[in-house]
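Heads up: the structure comes next, in structure tokens.
The values are calculated or read from the model by the stated rules, or taken from the named source; none is laboratory data. This structure is a prediction, so every number in the text was calculated from the model and none was measured. Neighbour counts are summed over all protein chains in view; Cβ atoms, including those assigned to glycine, are modelled from backbone coordinates with ideal geometry. Please note that ligands, DNA and RNA were not included when accessible areas were found on the heavy atoms of the full protein model with its side chains. Shrake-Rupley method; radii C 1.70, N 1.55, O 1.52, S 1.80 Å.
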Amino acid sequence: MFFMKYAVTAATGKFGQAAVKALLEKLPSQELVIIARNLTKAKQLFPHLEIRPADYDSEVELTKALTGIDKVLFISSQPGGAVSRDIQHQNVVNALKKAGVTYVAYTSYPHANSAQASLAADHKLTEQLLQASGIKHSFLRNNWYFENELGLISGLAQTQTGAYWADNKTGWALESEYAQAAANVLLMAQPKEIYEFAGTPLSYEELAQAVGTATNQTVTITKLSHEDYVDSLAQTGLDHETAALYASFQIPNSLGDLAQPSDDLTTVLGKQPLEITAAVANLLQN
């Protein structure tokens, strides 16, 4: 009996775990393969699934792990590793092609082909590599996760005050919603090439208001200059370098990369993403 083989790379991360959970709601376990660097963690998380070891640093390992797989959810790596992300992603694309994978869904960056933030560069390159590979593909251009703002959200809930420096809007949605959408696309017979996944574009002021509503408190958030925002983080005990790093997380917002609306996430999920107050409450409860 023939059946399709699906694989999720970087499956032990939060996104990967959520995607695997979503896929198992629709797939028999024998059709799903876990690709992971940390075998111990993978075996603990997925004791009843097939697990194949592979590191993005090794094209050879990846090729072996992906052989016999039909469709792959390629979850982008985190930047800043010993091997640069552009090289890691080149390894993955090379391995996908050598292994004969027929389709890949890749977690990318909003409007990666035209985005201004430096964070988009590796994603733009990876999209170009996939287009040149000849492998059928979809780009899952995920907007910002609510989880990226957990520090701010928790701080607002605890002290009723907070600050920000970037004043454009962001299409936040929960990481689990992006992962569910990724699983849905992977299972489609005729997926689109590009999905701009995003929630309703909202401001930091609206995020603070949602925290106030979710916690039944009066919450105040203040817009600062970038320099003053870094200083305010340093005053909490962070060294200047770490404070500057945290402040840099708002650069995509400041450049407008995250502000463009799209109904792709709603369409693929078959429902609206959680409204902002409900999403904030979800984060604070977990």
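Checked against (1) closer than 19 Å to Ile135 by Cβ; (2) crowded, with 21+ Cβ neighbours inside 10 Å; (3) small (Gly, Ala, Ser); (4) in contact (Cβ under 8 Å) with a residue 60 or more places away in the chain, Ala65 passes all but a single condition, namely (4). Can you find even one residue in the stretch 201-208 that is within 20 Å of Thr107 (Cα to Cα) and either touching a strand residue (DSSP E or B) at 6+ places or on another chain (Cβ under 9 Å) or among the polar types (S, T, N, Q) (or both)? The answer is yes; a qualifying residue exists. Could you check, for the stretch 74-96, whether at least one of its residues is of a type in the set (Ser, Thr, Tyr) and open to solvent by less than 30 Å² (accessible area, probe 1.4 Å)? Yes, there is a match, as at least one residue in the stretch 74-96 is of a type in the set (Ser, Thr, Tyr) and open to solvent by less than 30 Å² (accessible area, probe 1.4 Å).
Out of all the residues in the stretch 135-147, is one or more open to solvent by 10 Å² or more (accessible area, probe 1.4 Å), of a type in the set (A, V, I, L, M), more than 30 Å from Leu283 (Cα to Cα) and in contact with a helix residue (DSSP H, G or I) (Cβ under 7 Å, 6 or more places away or on another chain)? Yes, some residue in the stretch 135-147 is open to solvent by 10 Å² or more (accessible area, probe 1.4 Å), of a type in the set (A, V, I, L, M), more than 30 Å from Leu283 (Cα to Cα) and in contact with a helix residue (DSSP H, G or I) (Cβ under 7 Å, 6 or more places away or on another chain). Among the residues of the stretch 117-124, are any crowded, with 23+ Cβ neighbours inside 10 Å and closer than 25 Å to Asp264 by Cβ? Yes; the residues of the stretch 117-124 include at least one that is crowded, with 23+ Cβ neighbours inside 10 Å and closer than 25 Å to Asp264 by Cβ.
Could you pull out the residue among Ala181, Ala259, Ala243 that is within 17 Å of Phe15 (Cβ to Cβ) and crowded, with 17+ Cβ neighbours inside 10 Å?
Ala181
In the set (1) modelled with pLDDT under 95; (2) hydrophobic (A, V, I, L, M, F, W, C); (3) open to solvent by less than 40 Å² (accessible area, probe 1.4 Å), Val268 fails one condition alone, (1).
Look at the stretch 206-226: where a residue is touching a residue at least 12 places away in the same chain (Cβ under 8 Å) and a partner is in a strand (DSSP E or B) and not aromatic (Phe, Trp, Tyr), sitting 6+ places away or on another chain with Cβ atoms under 7 Å, you get Ala208/Gly162; Ala208/Ile221; Thr220/Thr161; Ile221/Gly162; Ile221/Ala163; Thr222/Ala163; Leu224/Ala163. Looking across Ala214, Ala210, one residue alone is open to solvent by 10 Å² or more (accessible area, probe 1.4 Å), modelled with pLDDT of 95 or more and assigned to a helix (DSSP H, G or I). It is Ala214.
Every condition in (1) without any contact (Cβ under 8 Å) to a residue 24 or more places away in the chain; (2) part of a strand (DSSP E or B) is met by Thr242 except one, and the failing one is (2). Scan the stretch 55-83 for residues that are outside any helix (DSSP H, G or I) and closer than 19 Å to Ala182 by Cβ and the total you get is 11. The set of residues in the stretch 192-206 that are part of a helix (DSSP H, G or I) and surrounded by 23 or more Cβ atoms within 10 Å (Cβ to Cβ) contains only Tyr204.
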